[in-house]
1. In the neighborhood of P280, defined by Cβ-to-Cβ distances under 11 Å, what is the net charge if each Lys or Arg adds +1 and each Asp or Glu adds -1?
2. Expressed as a rounded percentage, what relative contact order does the chain have, with Cα pairs under 8 Å and six or more residues apart?
3. So which trypsin sites (Lys or Arg not before Pro) in segment 254-330 pass both tests, a DSSP loop state and at most 11 other Cβ atoms within 10 Å of the Cβ?
4. Can you give me the Kirkwood hydrodynamic radius for segment 119-272, using every pair of distinct Cα atoms, in Å to one decimal?
5. With springs only between Cα atoms under 10 Å apart, run a GNM on the chain and tell me which of L73, L171, L341 wobbles the most.
6. At 222 nm, what value in deg cm²/dmol follows for the chain if DSSP H runs of at least 4 each add -39500 (n - 2.57) and the sum is divided by all its residues, to the nearest 500?
7. Which helices, counted as full DSSP H runs in the chain, have an axial Cα extent of no less than 15 Å and a Kyte-Doolittle average of 1.0 or above?
8. Test of understanding: what is the full-extension gain from Q266 to A191, defined as 0.36 nm times their sequence separation minus their Cα-Cα distance?
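The values are calculated or read from the model by the stated rules, or taken from the named source; none is laboratory data. Bear in mind the structure is a predicted one, so any value in this text is a computation, not a measurement. Neighbour counts run over all protein chains shown; Cβ positions are idealised from the backbone, glycine included. Ligands, DNA and RNA are excluded from the accessible area calculation, which covers all protein heavy atoms including side chains. Shrake-Rupley method; radii C 1.70, N 1.55, O 1.52, S 1.80 Å.
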Amino acid sequence: GACAQLRPGDAPGFCLVAPSSSSGDATLERQAALVLLLQRLGPDFRRVGGGDIDVWAEGSVTPAMVAGIGATLREDAAAVQAYFGRRFTEVPAVFVFASQASFAQALERQFGYAPAVAGQLSGQYGGLLVSGIGAIAINGQNVLSAGRPTIFRHELAHVLTHQIAGGGLPLWLDEGIAALVAEGDAADFGAARAKAYSILGDGALRGVTFDEERPWIDRNSALGGNAYGVALEAVRLLVERTGRARLVALLETVGRGTALASAFAQAVGETPSEFVARVPERVLATCRRGVSVAATRPDGLVVWRIFGFGAKRAVQMTADGSGHYSFEVQTDEYGTYSGTLGGSMPAGAYTFRATAGIGTEVTTTIVLGTPTTPSLTCGS
């Protein structure tokens, strides 16, 4: 949740610790907290949906926005419950703000964030989990301006994860689970995965995501917003090694009071620290660097991306087919670079090569003039 992501001095005044008393007391405490939150938000908020999701919206949220958000929430709630094979034990509450400005104002005035932190969060995030009460605050402007949002599924995954395990998971695991569930079937090798792989291959960067001494917001900022992608790859590896059912069983074991280290070792055969230490070598075992190619765009251009070549490094690119093309690029601070082929280049197949010195060559084929599907070519 948002509270756990922040430095202690930046944490808002409206953070509840998940109750450790009886389930009845916990339910009453949550209900009282939700009533308090509604009082703090004021009469401008109205209830616009019920059932599996309890939706409240700011007065200026239009009926069309409510309908669109409600349909997406219902779909995402069903997907989250299907992923875990569990239903929400308590109906999640979702509070939708009409604009980034009203979201930022609420983060400061109703949720108690410092003004600078509220501005930072409202600009970067589409939504936040209100820790301890299974409620989600949504920035309607950021969410609805970006096409089909993933933030609902991400935050709802947090809600169900916490209902199963409680709120004491390492943040890399908590955020990685939510990111993996939100990804759904869209696990293509785009910019996020390329940067995650590059970060895992960089000794100076790869430990940042797993540094539980640092607030999540600091980790994510230090990695340019890519801590989520790194955590996702770690949890993807975890699920590949254990299976989804065993991951859920691990969460249930923690929820029953077993220490995480013991539950993790029982499910995975390693302690969390041992698993984390081997994430880079396991994820990168067959793909330390590579070239990913996206599907052909409507304008005929093909987007390509290189990763794992080292930060701020010159990489020689060549494309040989109906002609010979050669150019040099410099990778970013994460060892990635993205570009396009096409335009005035003749149609046909091209041998596309990225080289940054001896032993760092990756070669693939890019076809221009014919619609193609995404591909990934790896080097050692």
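1. On the way: positive: R206, R278, R282, R288; negative: D202, E233, E281.
Within the 11 Å Cβ shell, the charges total +1.
2. On the way: 662 pairs, mean separation 49.1, N = 380.
Computed value for the chain: 13 percent relative contact order.
3. On the way: sites: R256, R278, R282, R288, R289, R305, K312, R313; in loops: R256, R288, K312, R313.
Those that pass, being in a loop and sparsely packed, are R256, K312.
4. Working: mean 1/r = 0.0618 Å⁻¹.
Every distinct Cα pair counted, the radius reaches 16.2 Å.
5. Taking springs between Cα atoms under 10 Å, the residue moving most is L341.
6. Details: 14 runs with 164 residues, N = 380.
Value at 222 nm, helices only: -13500 deg cm²/dmol.
7. Working: long enough: 23-41 (27 Å, 0.39); 63-84 (31 Å, 0.66); 151-165 (21 Å, 0.36); 171-183 (18 Å, 1.05); 227-242 (22 Å, 0.69); 244-255 (17 Å, 0.82); 272-283 (16 Å, -0.23).
Helices meeting the criterion: 171-183.
8. 23.6 nm
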